[in-house]
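What follows is a single structure, written as structure tokens, with notes after it.
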Amino acid sequence: MTKLYNDPTQFAAQAVRGLALSHPEHVAEVHGGVVRPTLTPKGQPALVIGGGSGHYPAFAGWVGPGMGHGAPCGNVFASPSASQVYSVARNAENGGGVILGFGNYAGDVLHFGLAAEKLRAEGVDVRIVKVSDDIVSNTPDQHRDRRGIAGDLPVFKIAGAAIEAGADLDEAERIAWKANDATRSFGVAFDGCTLPGADDALFHVPAGQMGVGLGIHGEPGVRDEPVGTADEIATLLVEGLLAERPEGSSGRAAVILNGLGTVKYEELFVVYAKVAELLEAAGITPVRPEVGEFITSLDMAGLSLTLVFLDEELEQHWLAPVDTPAYRRGAVAPVEREPRESYWTPGADPVPAASDASRATAAKVADVLDLFQAVCAREEAELGRIDQIAGDGDHGQGMAYGSTGAAKAARAALDEGAGARTLLVRAGEAWSESAGGTSGALWGAALTAAAGVYSDDEGAAPRTAVDALDAGIDAVLRLGGAQVGDKTMVDAAVPFRATLEQAFTGENPAAAILEAAGAAREAAAATAEITARLGRSRVLGERSLGTPDPGAISFSILMTELGEHLS
């Protein structure tokens, strides 16, 4: 298990700080992650690659000439927040636009997407590339809707090399997607990983079994099979990938055998000997094969195999030099690189003036956020337990982190004299950044949308809280893209909103919220009978049956507590 940490909530941030201090020639720490310590050449596209922490050397270890210009780093297994992505991109961009690259996970899609919208509003040309190489997570005809695992390495390596060779934003985006479409990965796990501070792993594989089709966020495989020999596992992985070999492929492939954190290098070499033999028999020549740890999952016991079916263009960029803290090849051509003299840092915007009535409302809102923090701390273990069954086990932790960040930000804003609108805006930003992941993005967006209903100039009417809840749920529906029946928070939020609208008479917000919370609880419990159609649980299919969705459960709990508090 992960043994070396101080405060588990600071593990990711302290790891980033240590990386930057130990590799000052490659990376510098900024708000939310790292960037190169030299300026991006004027007009060169900035490749910003990121995701949750716990995967080193991905993603911060891949920043440097020939690869990334910066990497936003979220909490362990959680997407970086939109503000973290924005900060890193803002520091990396220098007139050539930005490519935001990340694995195709719901939280990353939300947070990187929100950051992209903010950058575009400021006139920056932003392109998004979602790596989607995991063959078990969707069908071949839906390749771009698969999740990203170890394929992040070759896609970002190839795109970074193209940029180093002079590609503009359009060309770099084209090559990145071309690399993604040529990349396939498949993995197995023998046991789960343990989050810093946790007492046990996120999942266990039965003795003598292995989970086939692992994820890199602590997700178990899609099915269990008896553990095979090294040769049998190599055969399973190679045959799975060759089943998707493109017609007319060149017969040359980049090959990556990746250890997830516990499998030792010697074991990987034993497996690779059989992989090479099988590829040769299939008429495929490995091109600069890589064997080692490239995208880990803390201390997960597992491995994955990645093939990139190359053509001449992709091979050229795959073989090009690269110089990063954790991934080096050849000698990058000497280029004069201008050192950075300053870094952009998000400033503490002054608190707008607020009326006494609005500050009084803000104090009540802060009390609610304190309540949410206490409830999320109380429910953290149970929400994590539910999420372990058909997810990655971090929902409880994410809700606890997010609500804590929001409550602290609210109290700080209150101390500065903030009105209700400003307090909720700051709380929403803090929830998103503190939690990361899908829930962090959605709850952060909900609080921010609710802020639009309040005013810094006036107090609140009985209807204000109801309208704020309606606005928050509307933001979740709009940004998350989920529908009733997908087995998400939406399954509880939609019946909550419908009941609230019917129950509210204009003067009874507490009673109406309590009645709506009852509908949410019933709907959340009913998600146990739904097979997940969205998010990480979707990949595990029938495993989600019999267990309610943790996002729906946490929503119903908080709404119940809100109604009781207002009563």
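The values are calculated or read from the model by the stated rules, or taken from the named source; none is laboratory data. These figures come from a predicted structure and were not determined experimentally. Ideal geometry is used to build each Cβ from the backbone, glycine not excepted, and the neighbour counts take in all protein chains shown. For the accessible areas, the whole protein counts, side chains as well, though only heavy atoms, and no ligand, DNA or RNA atoms are used. Shrake-Rupley method; radii C 1.70, N 1.55, O 1.52, S 1.80 Å.
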Check your understanding: Pick from the stretch 92-146 the residues that are part of a strand (DSSP E or B) and β-branched (Val, Ile, Thr): which of them is surrounded by the most Cβ atoms within 10 Å (Cβ to Cβ)?
Key -> 131
Study note, to complete from the structure: When the stretch 147-173 is checked residue by residue, the ones that are more than 20 Å from residue 329 (Cα to Cα), part of a helix (DSSP H, G or I) and not hydrophobic (A, V, I, L, M, F, W, C) are 170, 171, 173
Check your understanding: Among the listed residues 299, 323, which satisfies the condition of being within 30 Å of residue 220 (Cβ to Cβ), out of contact with any Phe, Trp or Tyr (no Cβ under 8 Å at 6 or more places or on another chain) and either surrounded by fewer than 23 Cβ atoms within 10 Å (Cβ to Cβ) or without any contact (Cβ under 8 Å) to a residue 12 or more places away in the chain (or both)?
Key -> 299
**Study point:** Top-ranked residue in the stretch 159-199 [being under 30 Å from residue 96 (Cβ atoms) and of a type in the set (Val, Ile, Thr); ranked as surrounded by the fewest Cβ atoms within 10 Å (Cβ to Cβ)]
**Key:** 175
Practice item. Return yes or no: is residue 404 in a helix (DSSP H, G or I), among the hydroxyl-bearing types (Ser, Thr, Tyr) and surrounded by 24 or more Cβ atoms within 10 Å (Cβ to Cβ)? Key: no
**Study point:** Residue list for the stretch 216-261, filter: of a type in the set (Val, Ile, Thr) and open to solvent by 20 Å² or more (accessible area, probe 1.4 Å)
**Key:** 222, 227, 229, 235
Review point. If you go through the stretch 360-382 one residue at a time, how many are closer than 26 Å to residue 486 by Cα and either in contact (Cβ under 8 Å) with a residue 24 or more places away in the chain or crowded, with 23+ Cβ neighbours inside 10 Å (or both)?
Key: 4
Review point. Do any residues in the stretch 552-567 that are buried (at least 22 other Cβ atoms within 10 Å of the Cβ) have Cβ atoms under 7 Å from those of residues that are among the hydroxyl-bearing types (Ser, Thr, Tyr) and outside any helix (DSSP H, G or I), where the two are at least six apart or on different chains, and which pairs are they?
Key: 552/488
Practice item. Scan the stretch 311-332 and give yes if some residue there is within 30 Å of residue 457 (Cα to Cα) and in contact with a helix residue (DSSP H, G or I) (Cβ under 6 Å, 6 or more places away or on another chain), otherwise no. Key: no
Practice item. Kindly indicate whether any position in the stretch 451-460 is buried (at least 22 other Cβ atoms within 10 Å of the Cβ), of a type outside the set (Ser, Thr, Tyr), assigned to a helix (DSSP H, G or I) and modelled with pLDDT under 95. Key: yes
Point to revise | Filtered residue count, the stretch 2-42, keeping only those that are in a loop (DSSP other than H, G, I, E, B) and surrounded by 14 or more Cβ atoms within 10 Å (Cβ to Cβ) | key: 12
Exercise for review: Could you list all residues from the stretch 262-290 that are open to solvent by less than 30 Å² (accessible area, probe 1.4 Å) and within 23 Å of residue 220 (Cα to Cα)?
Suggested key: 263, 268, 271
Study note, to complete from the structure: In the stretch 43-84, anything within 24 Å of residue 425 (Cα to Cα) and open to solvent by 10 Å² or more (accessible area, probe 1.4 Å) is listed as 73, 75, 82, 83, 84
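Results for (1) modelled with pLDDT of 95 or more; (2) of a type in the set (A, V, I, L, M, F, W, C); (3) within 22 Å of residue 310 (Cβ to Cβ), shown as yes or no for each residue.
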{"position": "248", "(1), (2), (3)": "no, no, yes"}
{"position": "267", "(1), (2), (3)": "yes, no, no"}
{"position": "277", "(1), (2), (3)": "yes, no, yes"}
{"position": "283", "(1), (2), (3)": "yes, no, yes"}
Point to revise | Odd one out for residue 80, checked against (1) closer than 25 Å to residue 145 by Cβ; (2) part of a helix (DSSP H, G or I); (3) of a type outside the set (Phe, Trp, Tyr) | key: (2)
Review point. So is residue 491 among the charged types (D, E, K, R) and open to solvent by 50 Å² or more (accessible area, probe 1.4 Å) or not?
Key: no
Practice item. Would you please name the residue that is modelled with the lowest pLDDT, looking only at residues in the stretch 184-222 that are among the aromatic types (Phe, Trp, Tyr) and under 21 Å from residue 271 (Cβ atoms)? Key: 190
Review point. What are the residues in the stretch 338-359 that are open to solvent by 80 Å² or more (accessible area, probe 1.4 Å) and either within 20 Å of residue 559 (Cβ to Cβ) or of a type outside the set (S, T, N, Q) (or both), if any?
Key: 338, 339, 341, 343, 348, 349, 350, 353, 356, 359
Point to revise | Qualifying residue in the stretch 149-157 (condition: within 21 Å of residue 63 (Cβ to Cβ), of a type in the set (D, E, K, R) and crowded, with 23+ Cβ neighbours inside 10 Å) | key: yes
**Study point:** Answer from 421, 426, 385 - the residue that is assigned to a helix (DSSP H, G or I), under 19 Å from residue 196 (Cα atoms) and either touching a residue at least 60 places away in the same chain (Cβ under 8 Å) or under 27 Å from the mean Cα position of the chain (by Cα) (or both)
**Key:** 385
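Yes or no, residue by residue, for (1) at pLDDT 95 or above; (2) closer than 15 Å to residue 560 by Cα; (3) not in a helix (DSSP H, G or I):
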site: 487; (1), (2), (3): no, no, yes
site: 492; (1), (2), (3): yes, yes, no
site: 499; (1), (2), (3): yes, yes, no
site: 507; (1), (2), (3): no, no, yes
site: 513; (1), (2), (3): yes, yes, no
site: 516; (1), (2), (3): yes, yes, no
site: 521; (1), (2), (3): yes, yes, no
site: 526; (1), (2), (3): yes, no, no
Exercise for review: Determine, yes or no, whether residue 72 is farther than 20 Å from residue 177 by Cβ, at pLDDT 95 or above and in a strand (DSSP E or B).
Suggested key: yes
